[in-house]
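Notes follow once the structure below has been shown.
Every number in this text was worked out from the coordinates using simple rules, so none of it is lab data. Remember, it's a predicted structure, so these values are computed and weren't measured experimentally.
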Amino acid sequence: MAYDLQLTNVYKTYDNGTPAVIDFNLDVEKGEFIAFLGPSGCGKSTTLRMISGFETITSGDLMIRGKRVNDQLPEKRPTSMIFQNYALFPHMNVRQNVSFGLEVKKMPRAEMNRKVDQILEKLGLSDIAGFPTSRLSGGQRQRIALARSLVVEPDILLLDEPLGALDANLRKSIQNELKLLQRDLGITFVFVTHAQSEALALSDRIIVMNAGRIEQISPPRELYTRPSSQFVARFIGSNTILPGTVLEQTDGIVVLQTAFGPLAGANLAGIDAHAGRAMSIILPAEAVDLLPADMPEQEMRAGFGTNMIPCTIDRLQIVGHIMHMDVRFDDGQKIKVEGHVDKYRDRLKAGGKAYVAWKSAKATVIDSQEA
Ligand code: ADP
């Protein structure tokens, strides 16, 4: 399989001794939209800069389309980079900004004009081609930065928090445009962000980083519903973490002894779940069923086994077709649950008792200690 981008055992230690990226391994297929997600300082930008060539690699291999490019200069690589502040040239108009990369390459004028016209058209910038960039809005500047990066026809587009400078509404609409554009062009995008909503909305796969290391590589939905580490379970989505010790494992379902009695989840990573091992159940909010306290116990057991935790309903709120429920366990732990109104209306009331319940296969068990 030929990959567009491959990082193999890549490390980066800065001259001052900071280990910024540790044993990074990733294979990216052509046309994938990849996001690097993680808190500030976890090594996202360093990794992106190593791919672009603006930062050297301490050890490991970086391959683009099967060719090792560790020592290749940035301008020789088939990559283009968009920076958070866009780095537009304020003294040039839109067209001159967009043509810049082709001018540098000394492309014949007729060919250059044709390519520039095409990309201005694609990004809806034709009408403002003669405007100075300094007077344009954030959204327009964003599009100019995109046009300037794409006109050189890179194999891989690298984006460093490109929506960071935009307000929330604009971010949403540009997110959509970006996704459509990427699909249309079919080129590989590698995107850095610390905003999970952005990564979840845009990417085919998300690389979650923490302190220089990869924590998890997954498609958005899987990351949301199946976090594979304590860090990811806390950082992404809305998970309840229920620590315990292993009682038994049957057919990939592990039962833990917890503060709420025996509770179970799926052992997707194939961890050696021997009796007594300290593990946690990761329960995503969307896996939770809220059962009214007066439901016959037999019926509850048939659906959910022992996966039931008594709780008090603090608040019920209906927004559209969705019921939002704030509930509290007896130990004070609060969780949020949501579900379709038809399922919950008339069955639950604020201030009343209920059970948080789930099917074992919808929760995941992971180690309680970080690796
Ligand atoms: P992120 O993009 O996830 O915020 P960075 O890649 O910018 O993280 O930084 C990762 C680590 O490397 C941080 O500890 C940061 O302080 C350090 N770092 C980044 N750039 C440099 C540099 N030029 N010199 C020394 N340390 C750096």
Open item on the list: Need the C-alpha centroid separation for the stretch 295-356 versus the stretch 13-92, integer Å.
Closed with: 46 Å
- [ ] Indicate the gyration tensor shape class of the stretch 121-175 (rounded, prolate or oblate), computed on the Cα atoms with a ≥ b ≥ c the square roots of the eigenvalues: a/c under 1.5 is rounded; otherwise a/b larger than b/c is prolate and the rest oblate.
- [x] oblate
Open item on the list: Give me a comma-separated list of calculated 3J(HN,Hα) values for the stretch 225-241, in order, Karplus coefficients 6.51, -1.76, 1.60 applied at θ = phi - 60°, integers in Hz, x for any Gly or Pro.
Closed with: 9, 9, x, 9, 9, 4, 4, 5, 4, 7, 7, 10, x, 9, 10, 9, 10
Task: the chain: angle of helix 168-185 to the longest principal axis, Cα-based, in degrees nearest 10 - done: 70 degrees
TODO: Using amide H atoms built 1.01 Å from N in the peptide plane, name the residues 5+ places from I82, or on other chains, whose amide H lies under 5 Å from its own.
DONE: L158, L159, D160
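How long are the three semi-axes of the equivalent ellipsoid of the chain, in whole Å, if each is the root of 5 times an eigenvalue of the C-alpha gyration tensor, listed from largest down?
Three semi-axes, in Å: 47, 26, 15.
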- [ ] Would you kindly calculate the translational diffusion coefficient of the stretch 158-297, applying Stokes-Einstein with the Kirkwood radius from alpha carbon pairs, for 4 °C and a viscosity of 1.567 mPa s, and quote it in µm² s⁻¹ without decimals?
- [x] 74 µm²/s
- [ ] Check cross-link reach from K30 to the aspartates and glutamates: straight Cα distance under 18 Å, and skip same-chain residues fewer than eight apart.
- [x] D4, E153, D155, D184, D204
Open item on the list: Could you tell me how many cubic angstrom of Cα convex hull volume the stretch 89-212 has per residue?
Closed with: 127 Å³
TODO: Normalise the Cα radius of gyration of the stretch 5-225 by 2.2 N^0.38 Å (N = residues in it) and let me know the number.
DONE: 1.01
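With only alpha-carbon atoms in the gyration tensor, what are the semi-axes of the equivalent ellipsoid for the stretch 229-353, in Å, largest first?
Output for the stretch 229-353: semi-axes of 27, 17, 13 Å.
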Open item on the list: If I fit a long axis through the Cα atoms of helix 138-150 and take the longest principal axis of the Cα atoms of the chain, what angle between them do I get, 0 to 90°, rounded to 10?
Closed with: 70 degrees
Task: Percent antiparallel among DSSP beta bridges (both partners in the chain, rounded to 5) - done: 80 percent
Task: Gain upon complete extension [T13, D27; 0.36 nm per residue less C-alpha separation] - done: 2.9 nm
Open item on the list: Need the C-alpha centroid separation for the stretch 246-273 versus the stretch 135-204, integer Å.
Closed with: 42 Å
Open item on the list: Nearest 10 degrees is fine. How inclined is helix 109-122 to the longest principal axis of the chain, computing both from alpha carbons?
Closed with: 30 degrees
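Which value in Å does the Kirkwood hydrodynamic radius of the stretch 64-153 take, with 1/r averaged over all unlike C-alpha pairs and then inverted? Present the calculation step by step, with values, prior to reporting the outcome.
Numbers: mean 1/r = 0.0728 Å⁻¹.
By the Kirkwood definition, the hydrodynamic radius is 13.7 Å.
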- [ ] Only helical DSSP H runs with n ≥ 4 go in: add -39500 (n - 2.57) per run for the chain, normalise by residue count and round the 222 nm mean residue ellipticity to 500 deg cm²/dmol.
- [x] -7500 deg cm²/dmol
